[in-house]
1. Just how far, in whole angstrom, is segment 164-182 from segment 201-239 if you go by their alpha carbon centroids?
2. Considering the alpha-carbon set of segment 12-386 alone, what are its Rg and its Dmax in angstrom?
3. Which value at 222 nm does the chain reach when only helices count, each DSSP H run of 4 or more adding -39,500 (n - 2.57), with the total divided by all residues and rounded to the nearest 500 deg cm²/dmol?
4. Below 13 angstrom from the Cβ of Thr190, what's the summed charge of the other residues (Lys, Arg +1; Asp, Glu -1)?
5. Could you give the angle, 0 to 90 degrees to the nearest 10, between helix 30-39's Cα long axis and the longest principal axis of the Cα atoms of the chain?
6. Would you kindly calculate the translational diffusion coefficient of segment 298-379, applying Stokes-Einstein with the Kirkwood radius from alpha carbon pairs, for 4 °C and a viscosity of 1.567 mPa s, and quote it in µm² s⁻¹ without decimals?
7. Express in whole angstrom the spacing between the alpha-carbon centres of segment 21-69 and segment 243-283.
8. For q = 0.21, 0.23, 0.24, 0.29 Å⁻¹, what log10 I(q)/I(0) does segment 215-273 give under the Debye formula with an equal point scatterer on each alpha carbon and no solvent?
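Computed from the coordinates by the stated procedures, all read-outs in this text should not be read as laboratory data. Remember, it's a predicted structure, so these values are computed and weren't measured experimentally. Neighbour counts are summed over all protein chains in view; Cβ atoms, including those assigned to glycine, are modelled from backbone coordinates with ideal geometry.
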Amino acid sequence: MLRPNLISSRYVSDFHEGEIYHHGAIQITPMRNREYINKYRDGLILGANPGLSLQLGYEDPDYKLKKEKYGIEKSVLVSQGFIFNAGFGLSVHDISFNAIANLSYSDLRFGVPVFEGDVIYGKSEVLGKVFRKDGATNGSVQVRTTIYNQRGESVLEYVRQVLVRAESGKSYPKASTIISQPSKIDIKKTVLPKVYHDLSKDFLGKNGKTFEGFKVGDVYHGLFEDAIDLVTFSWLQIATLNDAAVHHNPSSNFIGYGGGVKGRAEGEVSGHLPLAYHLGMNSGSHDAPTYPGDIVQLLFASGKEGPHEKIRARIEVLDTNKIDGRDDIGIITIKLTGEKYVTDGGMKALEAAKFGGIDQIYVEGGNRFLKVLTLEQVLAVPTRKAFK
């Protein structure tokens, strides 16, 4: 398959059901993990508080080797938000370098914990494809990706669909071989956190709640709102080996990496559940493009000051459940929604991109908003019993 003009050369016709791609590896260095926590203001403290994780029994089985080989004195838990992005980045060359957009996630489950210094590997199996109309010049490819560590243990598994271009001049009839996915993850297949015990109430901070504090129908808004600039988007892509072309292309207005939008939205709401442990995700979608805030200012707002493409996030509690044999945790299912402020410059950017969802923009309090992210996430949250 000779296409020398592209680093990665798969068009939609190059994906075949049953094929398995091995994606290579990346080491999760302490700098990368901690910089992600800082840049995206990830407030889930199990991945940011070494003392707490050690107190709860999270001890790296390879800590001696890492100290001798890499000079890592204390290899602590890695942020689950960063694990997602690192695993995703591994698959880009083989799956989505030549993609138009990442569409959705389903049946996402976290596996064993990842510690700083771990090396993670990835592989993906092609499950199916769909062409949504006759004469389609792109198609959606469905893959199952598995990320595993140096001991061969699964740390993350998920199904995603990616919109991929057809070769120039080619089109395809309407067809689908997509495999239906479960609407909810199987909790029995998830890896529960270690037992929460003897926690200080100080860990909850000003806004954090125990499991009992979450009721179905409750809505919690993000504790801050912020844009993502090009440097912050690009740092995450570099740190996770994600070089998808659409994020580096001036003709696409440097569409922001969806994992960065996810990280910002999760960071904004994390203060409500700082001790949560991600079990998985039932479903998720990227609903509209987000651009680096400074790029919108430069290209579409005459360089004016001000945060364009600022993200605001909220969570809605969809379900709460207890776990047999565990009185220290409960399981909550939340819908995380991310929206962006659409300024005059942002509107011009959407029009230039010929975005088909302009009619989805709505006005509230004198500001225009557009939904950019919807995730249905499943988390374990400590109960009152877990506190001193």
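1. 36 Å
2. Rg and Dmax of segment 12-386, Cα atoms, are 20.6, 64 Å.
3. Counting only the DSSP helices, I get -6000 deg cm²/dmol.
4. +2
5. Long axis of 30-39 versus the principal axis of the chain: about 80 degrees.
6. The calculation lands on 85 µm²/s.
7. Cα centres, segment 21-69 to segment 243-283: 19 Å.
8. Taken in order of the listed q values, log10 I(q)/I(0) reads -0.82, -0.91, -0.96, -1.21.
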